Amino acid sequence: KRVSRAESSSKVRQAMRTGDDRYLPPRDQGPVRRFIRDYVDSSFWILELMLPAMIVFLIFGYSGSTTLATYANLALPAMLLLVVFEGFRLRWRLRKELARRFPDDPSAQRGATMYAVMRALQVRFLRMPKPQVKVGQALPERYR
């Protein structure tokens, strides 16, 4: 029992590195999810900068300098507005692409926005499953 569980975990970890659809967790399986991952990974999104920016704002806030803390407090709402705008932009572009590439799949839109935004918010080198495309790379037309 323990050996089979360890083997299964090993296959899932390997799939997260290679993108092998057979062993990915259910939330990451299927051609639609693969396309969403590739779509997010093939472009640079301002959302990727949110986590590093939050760390910088946190450091500025606790730096002891009132000037730096003020700048951080002013920049935080601006960054949040930018994230909301970028999230809507990502949603609009992704829905258009999903409708074009998966017209006969009515479930393609379900959960797509949240999946894409959560992936875009992650720093690229920490994303799981690992990105399979480079920034700027053209995506294949078929994902079936």
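The values are calculated or read from the model by the stated rules, or taken from the named source; none is laboratory data. Please read these numbers as outputs of a predicted model, since none were measured by experiment. As a convention, Cβ positions derive from the backbone with ideal geometry for all residues, glycine included, and neighbour counts pool all protein chains shown. Accessible surface is based on the protein model in full, side chains and every heavy atom, while ligands, DNA and RNA are left aside. Shrake-Rupley method; radii C 1.70, N 1.55, O 1.52, S 1.80 Å.
Per the listing SER43, SER8, SER4, the residue uniquely within 24 Å of LYS130 (Cα to Cα) and at pLDDT below 90 is SER8. From the residues in the stretch 101-124 that are more than 13 Å from LEU47 (Cβ to Cβ) and touching a Leu at 6+ places or on another chain (Cβ under 8 Å), which one is modelled with the lowest pLDDT? That would be ALA108. No other residue among ARG27, ARG22, ARG17, ARG33 is under 26 Å from GLY111 (Cβ atoms), of a type outside the set (Gly, Ala, Ser) and at pLDDT 90 or above apart from ARG33.
So which residues in the stretch 85-141 are among the charged types (D, E, K, R), over 18 Å from the mean Cα position of the chain (by Cα) and farther than 13 Å from ARG33 by Cα, if there are any at all? ARG100, ASP104, GLU141 - these are the residues of the stretch 85-141 that are among the charged types (D, E, K, R), over 18 Å from the mean Cα position of the chain (by Cα) and farther than 13 Å from ARG33 by Cα. Scanning the stretch 83-130 for residues that are under 15 Å from MET50 (Cβ atoms) and among the small types (Gly, Ala, Ser) yields a count of 3.
For TYR71, the stated conditions do not hold, so it cannot be described as at pLDDT 90 or above and closer than 29 Å to VAL12 by Cα. Only residues that are buried (at least 18 other Cβ atoms within 10 Å of the Cβ), assigned to a loop (DSSP other than H, G, I, E, B) and touching a Lys or Arg at 6+ places or on another chain (Cβ under 8 Å) were counted in the stretch 25-47, giving 0.
The condition (being open to solvent by less than 50 Å² (accessible area, probe 1.4 Å) and not polar (S, T, N, Q)) is satisfied by just one residue among GLY61, GLY136: GLY61.
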